[in-house]
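Structure, as structure tokens:
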Amino acid sequence: MHNPRLLSDQLDSLRAQLGARGNDVPWDTIQSLAEKRRALIHQVEDLRHQLKQGSEQIAVLKRNKQPADEPMAALRQIREHIQALELELRAVEEPLNAQALSIPNLPHQSVPTGTSEGENQEIRRWGDPPTLDFTPRSHFDLGESLGILDFPRATKIAGARFSVGIGMGAHLERALANFMLDLHVQEHGYTEVLPPVLVNRASMTGTGQLPKFEDDAFHLSAEDFFLIPTAEVPVTNLYRDEILDTKQLPIRYVAHTPCFRREAGSYGKDTQGLIRVHQFQKVELVNFVHPDHSYDELEKLTQAAETILQKLKLPYRVMALCTGDLGFSAAKTYDLEVWIPSQQRYREISSCSNFEGFQARRANIKFRSKGEKPQFLHTLNGSGLAIGRTVVAILENYQQADGSVTIPEVLQPYLHGAVSIESSNE
């Protein structure tokens, strides 16, 4: 959400800076409401100035023991007029604030200009894709043949875009979650959090999922709860409507939760396997930082997510998203894309974003230094990592010609010393 003064005084500039990114924004409605708000504020300020002058005049009259009934009556009329205008102002600000929630964040100046993902910029690569002397099999083919993933029974239980992990399939996800949590806590200084996976409307609005993306969320209408699309939502809202001391910053949290997404508009895309499902596990990194340090923090957060891939020895690349591919709330985003042999391309496994003050303003999260006024802090988050997609990458990059899958060395202690997944593990 943007500063109301920006909407009032620099709306044309904001619209120009957003360009195509703001095509869905009702600019004319916002401009009309912003102009009404500005005019009402000027009227109220002018009347308050008159009220102050009148009060001073009455004080002089009373000191001089002169009649003040007439100016006092005039002041009562001014107060009544102010009250009426303030009611009118609130009636304008409510729809203005509601419409303003549809305006995306401004991209940082370092974000590449572009209209689609094809114009994202590669920043760096790590590792070489494996050289296989056989045709690589897909993760869902491998998972089913090994007896560790069951998609037909998941469909019977729930429907399409669900999976069941069995035996080593379930154990591998649990091992990955523990490995990621341990690494982020022990090496990167994060504090583990276990938040609710049901959140209220205010929480979803605070992080930018609502109102724009309500169709993508699973909604429990009776309670007006939402199943979280990512732990970013509950963890960011830990400090909603709070003022932190600057000495507390930075705050770094890591959370492992299930995540739920309707995947509205994705029909026909990745209908098989674990790439695009309605329910999945994810380890999420969320940071609350001083505005002066948020871009340094973005680099650190991204590197923390990269460390997981490096220790798993999974080849990946880092992409800077262009303006046309940037998420609604983000000012800058790096995507980590892991190599998928069966598709012969890199696929997203993590997004690491700096939201600057955008979410903090929506959720009213501030910090204060001694002797200074409170100001909005900056929030960041990133997947560290999406567990299901990490399973995909391990199955495909570590597959062997006989259909077995070698277990990455760093995971073996979490899997009771197992070194491979074979069909006998079903």
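Qualifying trypsin sites (Lys or Arg not before Pro) in the range 348-426, where qualification requires a DSSP coil assignment and no more than 14 other C-beta atoms within 10 Å, comprise Lys370. If R0 is 56 Å, the Cβ-Cβ spacing of Lys313 and Arg15 corresponds to a FRET efficiency of close to 0.75.
Classify the range 210-363: rounded, prolate or oblate, from the alpha-carbon gyration tensor (a ≥ b ≥ c, eigenvalue square roots; a/c under 1.5 rounded; otherwise prolate if a/b is larger than b/c)? Because a/c hits 1.5 or more and a/b fails to exceed b/c, the range 210-363 counts as oblate. Phi angles of the range 298-308 translate, via the Karplus equation with coefficients 6.51, -1.76, 1.60 and θ = phi - 60°, into HN-Hα couplings of 4, 5, 5, 4, 4, 5, 5, 5, 4, 4, 4 Hz per residue; Gly and Pro are given as x.
Using a 1.4 Å probe over the heavy atoms of the protein chains, calculate the carbon and sulfur portion of the accessible area of the range 324-414 as a whole percent. Mind dumping the intermediate values first?
On the way: 1180 of 2970 Å².
The C+S portion of the solvent-accessible surface of the range 324-414 is 40 percent.
Size estimate for the range 92-154 follows the Kirkwood approach: the inverse of mean 1/r over distinct Cα pairs works out to 18.0 Å.
Of the trypsin sites (Lys or Arg not before Pro) found in the range 206-289, those that fall in a DSSP loop while having at most 10 other beta-carbon atoms within 10 Å are Lys269. Under the combined filter of DSSP loop state and at most 13 neighbouring Cβ atoms within 10 Å, the range 33-85 retains these trypsin sites (Lys or Arg not before Pro): Lys65.
Given points 7 Å out from each Cα along the Cα-Cβ axis, report the Glu263 to Ala91 separation in nanometres with one decimal. Calculated label separation equals 4.8 nm.
Across the range 399-410, rounded Karplus estimates of 3J(HN,Hα) from the backbone phi angles (6.51 cos²θ - 1.76 cosθ + 1.60, θ = phi - 60°) give 5, 10, 4, 7, x, 7, 10, 6, 8, x, 4, 5 Hz, Gly and Pro being marked x. If you run the Gaussian network model on the chain, springs between alpha carbon atoms under 10 Å, then out of Ala98, Ala177, Ala386 the most flexible one is Ala98. Taking a Cβ cut-off of under 14 Å around Leu321, the surrounding Lys, Arg, Asp and Glu residues balance to a net charge of -4, with basic ones at +1 and acidic ones at -1. Springs between Cα atoms under 10 Å define the GNM used for the chain, and in it the highest mean-square fluctuation of Pro250, Pro413, Pro112 occurs at Pro413.
Here the range 301-398 is treated with +1 on each Lys and Arg Cβ and -1 on each Asp and Glu Cβ, and its dipole about the Cα centre works out to around 420 debye. Please list log₁₀ I(q)/I(0) at q = 0.14 Å⁻¹ for the range 3-94, using the Debye equation with identical point scatterers on the alpha-carbon positions. Log10 I(q)/I(0), no solvent term: -0.64. For the range 132-153 versus the range 219-252, the inter-centroid distance based on Cα atoms is 37 Å.
Please compute the per residue accessible area over the chain with all protein chains in place, 1.4 Å probe, rounded to a whole number of Å². Mind dumping the intermediate values first?
Details: 20830 Å² over 426 residues.
That works out to 49 Å² per residue.
When the chain is described by a simple charge dipole with +1 on each Lys and Arg Cβ and -1 on each Asp and Glu Cβ, the residue from Leu85, Gly371, Pro195 located farthest towards its positive end is Leu85.
Measuring r between the beta carbons of Gln31 and Arg79 and using R0 = 35 Å, the FRET efficiency lands at 0.65. Taking Phe179, Phe328, Phe134 in turn, the Gaussian network model of the chain (Cα-Cα springs below 10 Å) assigns the largest fluctuation to Phe134.
Amide hydrogen proximity for Glu192: with H placed 1.01 Å from N in the peptide plane, the residues at 5 or more positions away or on another chain lying under 5 Å are Val254.
Positive contributions from Lys and Arg (+1) and negative ones from Asp and Glu (-1), summed over other residues with Cβ under 12 Å from the Cβ of Lys370, come out at +1. The per residue volume of the convex hull around the alpha-carbon atoms of the chain is 164 Å³. Remark on Leu149: its backbone amide H falls under 5 Å from those of Glu144, Ile166, a criterion applied only to residues 5 or more positions apart or on other chains, H modelled at 1.01 Å from N. Taking amide H atoms as placed 1.01 Å from N in the peptide plane, the amide H of Asn120 lies under 5 Å from those of Cys322, each 5 or more residues away in sequence or on another chain. Converting phi to 3J(HN,Hα) with the Karplus coefficients 6.51, -1.76 and 1.60 and the offset θ = phi - 60°, the range 242-259 yields 10, 10, 8, 7, 4, 5, 6, 8, x, 10, 10, 10, 10, 9, 10, 9, x, 10 Hz in sequence order, with x at every glycine or proline.
The accessible surface of the range 163-214, taken with every protein chain in place and a 1.4 Å probe, is 54 percent carbon and sulfur.
The values are calculated or read from the model by the stated rules, or taken from the named source; none is laboratory data. A quick note: this is a predicted structure, and the numbers were derived from the prediction, not measured. Heads up, the Cβs are rebuilt from the backbone with ideal geometry, glycines too, and the neighbour counts pull from every protein chain shown. Accessible surface areas use protein heavy atoms only, side chains included; no ligands, DNA or RNA. Shrake-Rupley method; radii C 1.70, N 1.55, O 1.52, S 1.80 Å.
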